[in-house]
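Q: My structure is below; once you've seen it, I'll send some questions.
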Amino acid sequence: MSLSQSIDFDLDLINRYNTAGPRYTSYPTAVQFHEGFGAERYAEIARETNASGRPLSLYFHIPFCDTVCFYCACNKVVTKDRTKAKPYLDRLYKEMAMQGALFDKNRPVTQLHWGGGTPTFISHDEMTELMGKTAEHFGLLDDDTGEYSIEIDPREVDDSTLGLLRKLGFNRISLGVQDFDEKVQKSVNRVQSESLVLGVLEDARSLGFRSTSVDLIYGLPHQDRKTFGDTIEKIIKVDPARISVFNYAHLPDRFKPQRRIEEEALPSPGEKLAMLQQTIQQLTEAGYVYIGMDHFAKPDDELAVAQRDHTLYRNFQGYSTHSNCDLVGLGSTSVGVVGNSYSQNHHDLEKYFQCIDDGKLAVFRGVELDADDVLRRDVITRLICHFELAFEDVEKVHGIKFTDYFARELKELKPMEDDGLLKVSGNTITVQPAGRLLIRNICMTFDRYLREATEQRFSRVI
């Protein structure tokens with residue numbers, strides 16, 4: 001493990017720096033998206049990217065869930081009625097035809113992801129049809145070399161589901177576990193047995209899925225170090241390649257389902273930090289490396305290797321190994337990253353349906369990046385992914401003198417350097433093990449929009 005993949009948990013520093021800030025799944029962040037950027041400009045930029053011949057990444061948003069998890073902050077449609085999927089999928093196919101026409105068919109799809117909601121809400125026939133339609137409009141790989149992943153709800157998987165997904169070309173699964181403790185599960189309306197979850201993980205391994213990833217949440221009602229520690233130990237035993245441990249942000253004013261959570265049952269801020277500290281210790285002792293921003297991976301996993309090789313990237317799905325792709329967002333609420341632009345489809349299903357029925361792309365807002373945005377995105381990406389940055393690497397790409405362009409920012413980093421979060425030596429910024437948990441604070445120094453903001457709209461960094 002390299003120095004940059006080790007981590008120090010310094011409670012004093014965490015308490016002092018625990019302010020609100022962006023997660024930097026994009027820069028500029030979604031706060032800067034505006035409705036002046038629409039479908040027409042998106043289409044122009046998409047066509048222009050064909051000259052690059054870059055591969056494509058496809059993201060499909062399947063918004064349906066059978067039951068609501070009270071902690072959820074995703075854009076979703078909760079329904080028991082499985083027939084509701086068909087009208088949505090019919091629009092998705094039409095959107096795919098419109099999007100596919102913008103991109104050269106010879107651009108390979110090296111990454112594909114079904115997210116949600118619960119992608120496994122749709123029937124086996126619908127899954128098969130969706131993948132078939134995708135192959136009609138985009139250049140899917142048929143040799144299993146792409147990174148084709150899907151989010152799985154273990155409660156939505158029967159004996160043949162995983163076999164079908166593997167046959168359709170999926171080679172990675174991400175499993176929503178959250179916590180094994182029954183009392184915690186009941187309090188957030190996500191009841192799933194330990195045997196069910198572990199069975200899905202074992203089946204995935206036997207079917208040849210290249211990677212399994214498990215999502216956990218700390219800070220839920222009735223959790224404490226003991227119960228959550230037990231969950232972590234059980235997960236370690238089944239040996240997934242990646243583990244994400246998310247901090248539950250209780251924002252009932254913004255997310256209606258969270259109003260059904262008993263606030264008095266939530267762990268205190270001190271207990272939450274203790275749970276995080278214990279989790280980091282358990283996972284690192286078990287051989288996982290801290291990738292950053294809630295993510296852990298085995299040292300030989302592609303994420304960990306990419307971090308060491310400085311090819312790791314970050315987008316709306318989190319950390320990624322495919323930085324050279326144009327990301328095409330499909331379905332309601334999906335975000336695309338095409339050329340130097342971000343774009344987002346309508347959240348509202350009626351508006352999404354209306355656009356598609358009118359023969360128009362559903363892009364309703366976005367942002368086109370200027371040279372300063374591209375430069376700052378590069379700086380923030382290098383820091384949040386690799387935890388170090390060489391000035392000359394940035395200077396070569398962007399034609400600037402780093403110490404001149406970022407004189408103000410370098411001055412503002414000095415107190416963080418004094419606190420041991422980072423080191424600026426010669427022409428390099430290196431994030432120290434004590435600064436890795438606080439990487440958002442370091443990145444915020446380079447965020448021009450944050451400097452100009454009149455209000456904060458972000459979660460706390462820890």
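Q: Take region 1-31 and flag every residue that is assigned to a helix (DSSP H, G or I) and either surrounded by fewer than 15 Cβ atoms within 10 Å (Cβ to Cβ) or among the hydrophobic types (A, V, I, L, M, F, W, C) (or both).
A: Initial filter on region 1-31 (assigned to a helix (DSSP H, G or I)): 3-5, 11-17, 30-31.
Once the filter is applied, which keeps residues that are assigned to a helix (DSSP H, G or I) and either surrounded by fewer than 15 Cβ atoms within 10 Å (Cβ to Cβ) or among the hydrophobic types (A, V, I, L, M, F, W, C) (or both), region 1-31 yields 3, 11, 12, 13, 14, 15, 16, 30, 31.
Q: Restricting the search to region 343-354, which residues are touching a helix residue (DSSP H, G or I) at 6+ places or on another chain (Cβ under 8 Å) and either open to solvent by 10 Å² or more (accessible area, probe 1.4 Å) or over 13 Å from residue 92 (Cα atoms) (or both)? Spell out how you get there, then give the answer.
A: So in region 343-354, the residues touching a helix residue (DSSP H, G or I) at 6+ places or on another chain (Cβ under 8 Å) come out as 343-346, 349, 352-353.
If the condition is that a residue be touching a helix residue (DSSP H, G or I) at 6+ places or on another chain (Cβ under 8 Å) and either open to solvent by 10 Å² or more (accessible area, probe 1.4 Å) or over 13 Å from residue 92 (Cα atoms) (or both), then 343, 344, 346, 349, 353 are the ones that fit.
Q: Out of region 262-279, which residues are touching a residue at least 24 places away in the same chain (Cβ under 8 Å) and either open to solvent by 10 Å² or more (accessible area, probe 1.4 Å) or among the aromatic types (Phe, Trp, Tyr) (or both)? Break it down into steps so the answer makes sense when it comes.
A: Narrowing region 262-279 to residues touching a residue at least 24 places away in the same chain (Cβ under 8 Å): 262, 265-267, 271-279.
Result: 262, 265, 266, 267, 271, 272, 273, 274, 276, 277, 278.
Q: Hey, another quick one. Do we find that residue 316 is open to solvent by 50 Å² or more (accessible area, probe 1.4 Å), within 22 Å of the chain's Cα centre (by Cα) and in contact (Cβ under 8 Å) with a residue 24 or more places away in the chain in this structure?
A: Working: open to solvent by 50 Å² or more (accessible area, probe 1.4 Å): yes; within 22 Å of the chain's Cα centre (by Cα): yes; in contact (Cβ under 8 Å) with a residue 24 or more places away in the chain: yes.
Yes, satisfied.
Q: In region 130-155, how many are assigned to a helix (DSSP H, G or I) and either crowded, with 17+ Cβ neighbours inside 10 Å or among the hydroxyl-bearing types (Ser, Thr, Tyr) (or both)? Give the derivation first.
A: Keep residues of region 130-155 that are assigned to a helix (DSSP H, G or I), which gives 130-137, 154-155.
Subsequent filtering for residues that are either crowded, with 17+ Cβ neighbours inside 10 Å or among the hydroxyl-bearing types (Ser, Thr, Tyr) (or both) retains 130-131, 133-134, 137, 154-155.
The qualifying residues number 7.
Q: For region 249-257, does any single residue satisfy the condition of being surrounded by 20 or more Cβ atoms within 10 Å (Cβ to Cβ) and not small (Gly, Ala, Ser)? Walk me through how you get there before you give the answer.
A: Of all residues in region 249-257, those surrounded by 20 or more Cβ atoms within 10 Å (Cβ to Cβ) come to none.
No, that holds for no residue.
Q: Taking residue 180, is it assigned to a helix (DSSP H, G or I), touching a Ser or Thr at 6+ places or on another chain (Cβ under 9 Å) and over 23 Å from residue 124 (Cα atoms)?
A: Numbers: assigned to a helix (DSSP H, G or I): no; touching a Ser or Thr at 6+ places or on another chain (Cβ under 9 Å): yes; over 23 Å from residue 124 (Cα atoms): yes.
Considered against the rule, which asks whether it is assigned to a helix (DSSP H, G or I), touching a Ser or Thr at 6+ places or on another chain (Cβ under 9 Å) and over 23 Å from residue 124 (Cα atoms), residue 180 comes out as no.
Q: Can you pull out the helices (runs of 4 or more DSSP H) entirely within region 356-425 that have at least 3 residues that are open to solvent by less than 50 Å² (accessible area, probe 1.4 Å)? Even if it seems obvious, please write down each step before you answer.
A: Details: elements: 371-386, 391-398, 402-405, 407-418.
Hits in region 356-425: 371-386, 391-398, 407-418.
Q: Here's something else I'd like to know. Across region 253-300, what is the number of residues that are part of a helix (DSSP H, G or I) and either touching a helix residue (DSSP H, G or I) at 6+ places or on another chain (Cβ under 6 Å) or not acidic (Asp, Glu) (or both)?
A: Going residue by residue through region 253-300, those that are part of a helix (DSSP H, G or I) are 256-260, 263-265, 269-285.
So of that shortlist, the ones also either touching a helix residue (DSSP H, G or I) at 6+ places or on another chain (Cβ under 6 Å) or not acidic (Asp, Glu) (or both) come out as 256-260, 265, 269-270, 272-284.
Matching residues across region 253-300 total 21.
The values are calculated or read from the model by the stated rules, or taken from the named source; none is laboratory data. Owing to the predicted nature of the structure, the values given are computational and were not obtained by experimental measurement. Reconstructed Cβ throughout: ideal geometry from the backbone, glycine too, with neighbour counts over all protein chains shown. Please note that ligands, DNA and RNA were not included when accessible areas were found on the heavy atoms of the full protein model with its side chains. Shrake-Rupley method; radii C 1.70, N 1.55, O 1.52, S 1.80 Å.
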